[in-house]
Amino acid sequence: MNKKELVEAVADKTEVSQKTTSVTLNAVLETIIEALASGDKVTLVGFGTFESRDRKARQGRNPKTGEPIQIAAGVAPVFTAGKNFREAVRNE
């Protein structure tokens, strides 16, 4: 399912126009991104948690040449599924 299909499905379930649903979805995603960029955590009970985690510098390998390279430390977004989400996926 891509973003367009998600908007269509949500619009059908909520009986709201696709345009309104698209604007709302974009606002939700932007808000989550802004929260993570500022170091906050976003928890949606039953669905999951979005957060930023620090990654240490590490040794990697260039896939073309096989040469070792140094990968810099950084911050990565992480999603952890909530209990209800995990159970729903496992049971289907």
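The values are calculated or read from the model by the stated rules, or taken from the named source; none is laboratory data. Keep in mind the model is a prediction, meaning the values are calculated, not measured. Cβ: placed from backbone, ideal geometry, glycine included. Neighbour counts: every protein chain shown. Only protein heavy atoms, including side chains, enter the accessible area calculation; ligands, DNA and RNA are left aside. Shrake-Rupley method; radii C 1.70, N 1.55, O 1.52, S 1.80 Å.
With all protein chains present, how much of the accessible area of the chain (probe radius 1.4 Å) comes from carbon and sulfur, to the nearest whole percent? Provide the component values of the computation, followed by the final result.
Details: 4110 of 7500 Å².
Looking at the chain in its full context, I get 55 percent from C and S.
Averaging sequence separations of C-alpha pairs under 8 Å and six or more residues apart, then dividing by the length of the chain, give the relative contact order as a whole percent. Could the numbers behind the result be given before it?
Numbers: 100 pairs, mean separation 19.1, N = 92.
In percent, rounded to a whole number, it is 21.
How fast does segment 40-92 diffuse by Stokes-Einstein, in µm²/s, taking the Kirkwood radius from C-alpha pairs at 20 °C and 1.002 mPa s?
Values: Rh = 13.7 Å.
Here the translational diffusion coefficient equals 157 µm²/s.
One-quarter of the Cα convex hull surface for the chain, in nm²?
Numbers: hull surface 36.4 nm².
With the hull built on Cα positions only, its mean projection is 9.1 nm².
Restrict the search to the chain; then list the trypsin sites (Lys or Arg not before Pro) that DSSP places in a loop and that have at most 14 other Cβ atoms within 10 Å of their Cβ.
Lys41, Lys56, Lys64
Whole number in Å², please: accessible area per residue of the chain, 1.4 Å probe, ligands, DNA and RNA not counted.
Details: 7500 Å² over 92 residues.
Dividing the accessible area of the chain by its residue count gives 81 Å².
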